[in-house]
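The values are calculated or read from the model by the stated rules, or taken from the named source; none is laboratory data. Keep in mind that what you see is a predicted model, and the values were worked out from it rather than measured. Here the Cβ is made from the backbone with ideal geometry for all residues, glycine too, and neighbour counts use every protein chain on show.
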Amino acid sequence: MIRVQAFARYRDLLGFQDQEFPLPAPATLAGLLADPLFSGLPAEALLAVNQTFATREAALQDGDEVALLPPVSGG
């Protein structure tokens with residue numbers, strides 16, 4: 001299982017804050033995000049695997065934690 005945490009506005013967009021998903025095939029972030037539940041996730045979403053920023057090509061393993069974070073800006 002993969003634990004997915006959605007932060008800030010993505011909680012409302014996806015309808016959950018913390019949820020488990022089966023390991024996708026292919027076992028990558030892109031494979032996980034291919035689930036229709038994530039269809040509304042913007043392309044600019046920041047992704048992290050086990051608290052390290054990652055690209056959609058990042059490999060996943062059973063027990064990983066994925067975080068979905070909106071981009072931030074400051075000034």
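Structure notes:
- Residues (part of a loop (DSSP other than H, G, I, E, B) and either hydroxyl-bearing (Ser, Thr, Tyr) or in contact with a strand residue (DSSP E or B) (Cβ under 7 Å, 6 or more places away or on another chain) (or both)) located in region 36-50: Ser39, Leu41, Ala45, Asn50
- In region 16-35, the residues that are more than 14 Å from Leu69 (Cα to Cα) and part of a loop (DSSP other than H, G, I, E, B): Pro22, Leu23, Pro24, Ala25, Pro26, Ala27, Ala34, Asp35
- Residue list for region 28-45, restricted to those being exposed (fewer than 15 other Cβ atoms within 10 Å of the Cβ) and within 16 Å of Ala8 (Cβ to Cβ): Gly40, Pro42, Glu44
Listed here are the residues, each with its yes/no results for (1) at pLDDT 95 or above; (2) surrounded by 14 or more Cβ atoms within 10 Å (Cβ to Cβ).
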{"position": "Gln5", "(1), (2)": "yes, yes"}
{"position": "Pro22", "(1), (2)": "yes, no"}
{"position": "Pro26", "(1), (2)": "no, no"}
{"position": "Leu47", "(1), (2)": "yes, yes"}
{"position": "Val66", "(1), (2)": "yes, yes"}
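- Any hit, region 64-72, residues being in a loop (DSSP other than H, G, I, E, B) and at positive phi: no
- Residue count for region 37-75, restricted to those that are in contact with a Pro (Cβ under 7 Å, 6 or more places away or on another chain) and touching a residue at least 60 places away in the same chain (Cβ under 8 Å): 0
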